[in-house]
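Read the structure below first, then the notes.
The values are calculated or read from the model by the stated rules, or taken from the named source; none is laboratory data. Everything quoted here is computed from the prediction, not taken from an experiment. Quick reminder, even Gly has a Cβ in these numbers, built from the backbone with ideal geometry, and neighbours come from all protein chains shown. Surface areas here come from the heavy atoms of the whole protein model, side chains and all, with no ligands, DNA or RNA. Shrake-Rupley method; radii C 1.70, N 1.55, O 1.52, S 1.80 Å.
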Amino acid sequence: MNDSPHLTFDLDKAGVSRGYLVVPKGADCEALSLPVCSISKGEGPRLLITGGCHGNELEGPIVARRLIKWLPEAQTCGRTIIVPELNPLALQAWTRNTPVDGKNLNRVFPGRADGSVTERIADAVSRVLLPMADTVFDLHSFSPTWDFPPAVITHPIADAELMAKTLKIAEAFKLPVTLLWEYYDTPGMFDLTAHEQGKVFICTEFGGGTVGAEDLAIYEAGVRNAFIALGLVQGEAKHPIFQRQESSQTLETLSSDILTSPARGIFEPRCSILDEVKQGDLIGLLHPMDSLSAGSIDICAPTTSIVCAIRSGLHVEADEEIVYLARPLKL
Ligand SMILES: [Zn+2]
């Protein structure tokens, strides 16, 4: 019996091969077999694509499965490894975290061989798949309770060369937004482990809300553009149309650009994503639910900025994030 995470097939075989990444069993659950597809066309870039890290973000697994259909013909060199569903337990439960251990897969990297199931998945990815790639596309969605434009997100990277390389590939998706998001103090994220191994790590955030055909076409087009930029696929990159426009902008969100709710209640948006707001402009209203006599509270823009993400659906608790503002990135 093999107790180490392993692949059930040879990834170096030329052409298309399919098999599983086996995550060994532990005290909390049986072994998992995650479907993996590899498309090998000789020398060239080595790319790893992962979807379904969070179980309530279904766009990534769908786009990853589309890639498995068109890449065998479209890819002309290099190797692409695709794992459409990194966390099948969370996907089955439609939850962000794994129900078995309550852990967020994107907070337990590089994982632990003797840990709980979420840590064992991270360990399998870090030790078996990550060393086989130079670049990683990790396909996420912002959240079903947010309105968010199709975007590629990266966090500030201390290594200036890796930062520049990452931003260049991020912009090559030509999605409406490329966002440099100041997001510190979050150990265990997949990108940190990838950066430690010197990899370019791209996190796509495929919108929020529900899974729709029009949005999926935008996400797929973005990923195709990135394949062209990496040289894995021949062709001409095209801007996907979003809000009737063919445009891309590179933005920056600082920690101070995140607005939180002043009270528990219902948030009513008064702006749409990518709206430009000036200092004092009304972004939304918070209707407290604790008392009918309490009036609504205005949520105003603290500074001239662009509305990058806005909460939609579900009531909010006090201090919960409701708006992400952004501004054009100046490097
Ligand atoms: Zn996610």
Considering only Leu314, Leu292, Leu47, give the residue with the highest GNM mean-square fluctuation for the chain, with springs between Cα atoms whenever their separation is below 10 Å.
Leu292
Dipole moment magnitude, nearest 20 debye, region 18-140 about Cα centre, only Lys, Arg, Asp, Glu C-beta charged
200
At 1.4 Å probe size, what's the solvent-accessible area of Tyr20? Round to the nearest 10 Å².
110
Please list 25-38, 278-291 highest first by mean number of surrounding beta-carbon atoms within 10 Å per residue.
25-38, 278-291
Would you mind checking region 68-89 for residues with the amide N under 20 Å from a putative spin-label position 7 Å along Cα→C-beta of Asp12?
77-82
Please report the net charge: other residues with Cβ closer than 15 Å to the Cβ of Glu85, K and R +1, D and E -1.
+1
What is the antiparallel percent of DSSP beta bridges lying wholly in the chain, to the nearest 5?
65
Once you have a ≥ b ≥ c as the square roots of the Cα gyration tensor eigenvalues for region 64-178, tell me rounded if a/c is under 1.5, and otherwise prolate or oblate according to whether a/b is larger than b/c.
rounded
For the chain, with equal point scatterers placed on the C-alpha atoms only and solvent neglected, what are the log10 I(q)/I(0) values from the Debye formula at q = 0.10, 0.12, 0.14 1/Å, to two decimals?
-0.60, -0.85, -1.12
With each pseudo-label sitting 7 Å past Cα toward Cβ, what's the Glu320-Gln279 distance in nm, one decimal?
3.1
Over all directions, average the projected area of the Cα convex hull of region 133-198 and note it in nm².
5.0
Note down the magnitude of the dipole of the chain about its Cα centre, charges +1 on Lys and Arg C-beta and -1 on Asp and Glu C-beta and zero elsewhere, to the nearest 20 debye.
920
In the chain, if the dipole is taken from +1 on Lys/Arg beta carbons and -1 on Asp/Glu beta carbons about the Cα centre, which of Ile157, Cys77, Val277 is farthest to the positive end?
Cys77
Give the lysines reachable from Lys25 as a straight Cα distance under 25 Å; neighbours fewer than 8 places away on the same chain don't count.
Lys103
For Lys69, the net charge from surrounding residues (Cβ-Cβ under 13 Å; K, R +1; D, E -1) works out to +2
Kindly flag which residue pairs out of Lys174/Lys199; Lys41/Lys330; Lys199/Lys330 have an alpha-carbon separation exceeding 31 Å in this structure.
Lys41/Lys330
Checking understanding here: applying a Kyte-Doolittle mean of at least -1.0 and a length along the axis of at least 15 Å (C-alpha), which whole DSSP H helices in the chain pass?
59-74, 160-172, 213-230
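How long are the semi-axes of the equivalent ellipsoid of region 1-90, taking √(5λ) for every eigenvalue λ of the Cα gyration tensor, in whole Å from largest down?
Over the Cα atoms of region 1-90, the ellipsoid semi-axes are 24, 17, 8 Å.
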Using a Gaussian network model of the chain whose springs link C-alpha atoms within less than 10 Å, name the residue from Ala158, Ala90, Ala14 with the highest mean-square fluctuation.
Ala158
